[in-house]
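Notes follow once the structure below has been shown.
Since every read-out is calculated from the coordinates, none of them should be taken as a lab result. None of these values were measured; they are calculated from a predicted model. A quick note on method: Cβ atoms are made from the backbone with ideal geometry, for glycine too, and the neighbour counts reach across all protein chains shown.
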Amino acid sequence: MKLLKLVSMFLLTGAFVNAQTIISITFSQPAVSQSTNRSKAIEVPFKICNSSETWVRPTKAEQMKFLLSTKRYDDLTKEPERFERWLRYNIFSFTTFGGSSFFDYHYLAGLWTPTGNPVWQCDKFSRTKINTGEIAEVWVLLYRVISIKWVGNHYLMVVKPTKKGFQKIQLSRREDQDSLPLKVITEDGNDMKVLPFSPSNPF
């Protein structure tokens, strides 16, 4: 009888240990999966090709006054919303820089105010590289870029706010989409709106 009791206790104890092991393995699987997903994010190198730490965005009144003074935007008074929308965005992405629109982008984004170091382009080859799909350019106003990663099928950019300044960055493209598949979030995880420009949406 004593022998049977010992065997029974041994079997029950073994089953309990096995059950604990199974439960432990089952609960540990999600952690492994999350780690695997994180490992799929690929760091994307980028170059800050032009920047300022003192640039201040012009007010709406200053912006409209300047645009009218250029004589380039005759429809400004007829379609003010078309021009005012630029003041609601801090992130602009470009997969094309065609013709005079290159200058329009700077005027409309408020980048006509910096003095000293020209902001018109990063280098003389930039426009060609962008138009051929080799690189993309992103303008970040009143924020600073912390990191860019390729996650799944899009770029994930993390930024932090600043009171002044802008950055113009360039990155080598990992895709050939018409518009840059870019998602931008703050350090706190808040989504940022991006105004994209591409061959099919140049202006």
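Using the beta-carbon distance between SER198 and THR54 and R0 = 35 Å, what value does 1/(1 + (r/R0)^6) give for FRET efficiency, to the nearest 0.05? Numbers along the way, then the final one.
On the way: r = 31 Å, r/R0 = 0.88.
About 0.70, to the nearest 0.05.
Per residue of segment 167-175, in order, report the coupling 6.51 cos²θ - 1.76 cosθ + 1.60 (Karplus, θ = phi - 60°) as ³J(HN,Hα) in whole Hz, putting x for Gly and Pro.
Once rounded to whole Hz, the list reads 9, 10, 10, 10, 9, 6, 7, 10, 8.
Greater than 23 Å separation of Cα atoms is the criterion. Which listed pairs, LYS163/LYS193; LYS60/LYS193; LYS78/LYS163; LYS47/LYS160, meet it? Don't skip to the answer; put the middle values down first.
Working: LYS163/LYS193 18 Å; LYS60/LYS193 19 Å; LYS78/LYS163 32 Å; LYS47/LYS160 17 Å.
With Cα atoms farther than 23 Å apart: LYS78/LYS163.
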